[in-house]
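K.L.:
Dropping a structure here in structure tokens format, bear with me for questions.
The values are calculated or read from the model by the stated rules, or taken from the named source; none is laboratory data. Note that this is a predicted model, so its numbers are computed, not measured. Cβ: placed from backbone, ideal geometry, glycine included. Neighbour counts: every protein chain shown.
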Amino acid sequence: MLQIKNIGKNFGGVKAVDDLSFSVDKGEIVGLIGPNGSGKSTTINLICGVFPVDLGNISVDDKNISSLPTHERVASGISRTFQNIRLFKDLSVWQNIWVALQQDSDQSAGWMQEWFGNSKVQKEKIKEILVFSGLGDRFNDLAGNLSFGEQRRLELARAIASKPKLILLDEPAAGMNSDEVADLRQRILDLKKLGLTVLLVEHVMELVMNVVDRIVVLNFGKKIAEGSPENIQNNEDVQKAYLGGG
């Protein structure tokens, strides 16, 4: 599904990502972890096309997407969430999903007028997404009136709306309490039941260890370990990195 081969990215002579290689198989949940500044978010941005790679290749389903602009990567089946919630808080919950559905459409500017229309098929699709995301009863509520955890759910629902093959979750548990993290864990596992592939960047280790199939660990832009949650938990290089010795 996702193949990262020897990618590199420098910023002002600093190697943010250094000869990184790993893969994510179809239907797999892979965690990408590491101390602050280890290159996790930069890797996500390279996959999405926010930054171009300096070296190496990124492929999805054996198609090299390394030089594609962001919108073409979305069209190839990549979706993401962000560390900082990015919603239209003055629009309703369902309208936020509607916007996400239109982002890769080829329609003219006239689609703007349809936001508040009565497209039965579109609204049914939106309702299905919101029910799946645990927001079925918040259909008409303003996004800005949702709790923090519900806003996180809505952002995840927006990512699902584009029918992606691969979802990149960039620190989705940031700012959540323990109950919200527990709910998020189930939401991520539900993505797998849908057949989606997930790359999870996260600092909340309890979430990572209880949801992923495999973990890739970065430090100073390099991969220092890869394996099952159990193996990573007992890896000396990983322990040194998190304790500041790596």
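K.L.:
Do you know which residues across region 75-98 are modelled with pLDDT under 90, among the aliphatic types (A, V, I, L, M) and buried (at least 17 other Cβ atoms within 10 Å of the Cβ)?
P.N.:
85
K.L.:
In region 18-53, which residues are without any contact (Cβ under 8 Å) to a residue 60 or more places away in the chain and among the hydrophobic types (A, V, I, L, M, F, W, C)?
P.N.:
Matches in region 18-53: 46, 50, 51, 53.
K.L.:
Please tell me if residue 106 is assigned to a loop (DSSP other than H, G, I, E, B), modelled with pLDDT under 95, under 28 Å from residue 1 (Cβ atoms) and of a type outside the set (Gly, Ala, Ser). Walk me through how you get there before you give the answer.
P.N.:
Numbers: assigned to a loop (DSSP other than H, G, I, E, B): yes; modelled with pLDDT under 95: yes; under 28 Å from residue 1 (Cβ atoms): yes; of a type outside the set (Gly, Ala, Ser): yes.
So residue 106 fits the description; yes.
K.L.:
Would you mind finding the one in 180, 155, 226, 236 that is out of contact with any helix residue (DSSP H, G or I) (no Cβ under 7 Å at 6 or more places or on another chain) and over 16 Å from residue 34 (Cβ atoms)?
P.N.:
Working: 180 fails: out of contact with any helix residue (DSSP H, G or I) (no Cβ under 7 Å at 6 or more places or on another chain); 226 fails: over 16 Å from residue 34 (Cβ atoms); 236 fails: over 16 Å from residue 34 (Cβ atoms).
Answer to the check: 155.
K.L.:
Next question. Only helices (runs of 4 or more DSSP H) wholly contained in region 138-246 count here; list those with 1 or more residues that are in contact with a Leu (Cβ under 8 Å, 6 or more places away or on another chain) and surrounded by fewer than 22 Cβ atoms within 10 Å (Cβ to Cβ).
P.N.:
On the way: elements: 148-161, 178-193, 205-211, 229-233, 236-242.
Helices (runs of 4 or more DSSP H) meeting the threshold: 148-161, 178-193, 205-211.
K.L.:
Please verify whether residue 79 is part of a strand (DSSP E or B) and under 22 Å from residue 172 (Cβ atoms), treating the condition exactly as stated. Lay out the reasoning, then the answer.
P.N.:
On the way: part of a strand (DSSP E or B): yes; under 22 Å from residue 172 (Cβ atoms): yes.
So residue 79 passes the test.
K.L.:
Does region 52-77 hold any residues that are of a type in the set (S, T, N, Q), under 17 Å from the mean Cα position of the chain (by Cα) and over 18 Å from residue 18 (Cα atoms), and which are they? Full working, then the answer.
P.N.:
Our first condition is that a residue be of a type in the set (S, T, N, Q); within region 52-77, this holds for 57, 59, 64, 66-67, 70, 76.
Subsequent filtering for residues that are under 17 Å from the mean Cα position of the chain (by Cα) retains 59, 70, 76.
Across region 52-77, the qualifying residues are 70, 76.
K.L.:
Go through region 13-61 and count every residue that is closer than 18 Å to residue 228 by Cβ and assigned to a loop (DSSP other than H, G, I, E, B).
P.N.:
Of the residues in that region, 4 qualify.
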